[in-house]
1. For T29, enumerate residues with amide H under 5 Å from its amide H, sequence gap 5+ or separate chain, H modeled in the peptide plane.
2. Which residue, D73, D18, D49, has the most motion in a Gaussian network model of the chain that connects Cα atoms within less than 10 Å?
3. Please list 3J(HN,Hα) in residue order for the range 24-29, calculated via the Karplus relation 6.51 cos²θ - 1.76 cosθ + 1.60 where θ = phi - 60°; whole Hz, with x for glycine and proline.
4. Take the alpha carbon atoms of the range 5-21, find their center, do the same for the range 29-84, and report the distance between the two centers in whole angstrom.
5. As a check on your grasp of the helix formula, calculate [θ] at 222 nm for the chain: sum -39500 (n - 2.57) over DSSP H runs of n ≥ 4, divide by the residue count, round to the nearest 500.
6. Based on Cβ point charges of +1 for Lys and Arg and -1 for Asp and Glu, what charge dipole magnitude is obtained for the chain about its Cα centre, in debye rounded to the nearest 20?
7. Considering the convex hull of the alpha carbon atoms of the chain, report its projected area averaged over all viewing directions, in nm², one decimal.
8. When a footprinting reagent is the concern and you count Cβ atoms within 10 Å, what order do D75, D8, D68 take, fewest first?
Amino acid sequence: MATVTATDLARRTNQVLDALARGESVTITRNNTVLGTISPPVRAVMLRDAFERLPRISREAAERYKADIRDADFDDEVRDPWQR
C-alpha cells in the first residue's frame, strides 16, 4: 500500500489513479496524520464464475446424496421452533 501526502496527491493525481487502476490502495496523509485510504472497488463476481469455482463431486457421490435426501423422512410442514 502506497502512502502519499495530500500535497503529493494534488501534484501527482494521475500517478495515484494509475496505482488504483493496478489494484493498489493509497493512504493519504497530512501533517503525518492519516486522512484516509483510497482503495480500488471490489470486483463483482458473476454467478456463473462463482459456480465454476465450486468444488466438483463425483457422479457416484452425487447419486448417493440424492438417494439420501430421497430416503430421508422430511415433510413440508412449517413449524414454529419456539412454540411447544
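Coordinate-derived values only; no laboratory data. Since the model is a prediction, treat every value here as computed from it, not as a measurement. Because the Cβ atoms are built from the backbone with ideal geometry, glycine has one as well, and the counts that use them run over all protein chains shown.
1. The list, which skips near neighbours in sequence, is V4, T5, A6, L35.
2. D73
3. 8, 9, 10, 9, 9, 10
4. Computed from Cα coordinates, the inter-centre distance equals 38 Å.
5. Computed mean residue ellipticity for the chain: -11500 deg cm²/dmol.
6. 660
7. Directional mean of the projected Cα hull area for the chain stands at 12.6 nm².
8. Working: D75 6, D8 16, D68 9.
Ordered by Cβ neighbours within 10 Å, fewest first: D75, D68, D8.
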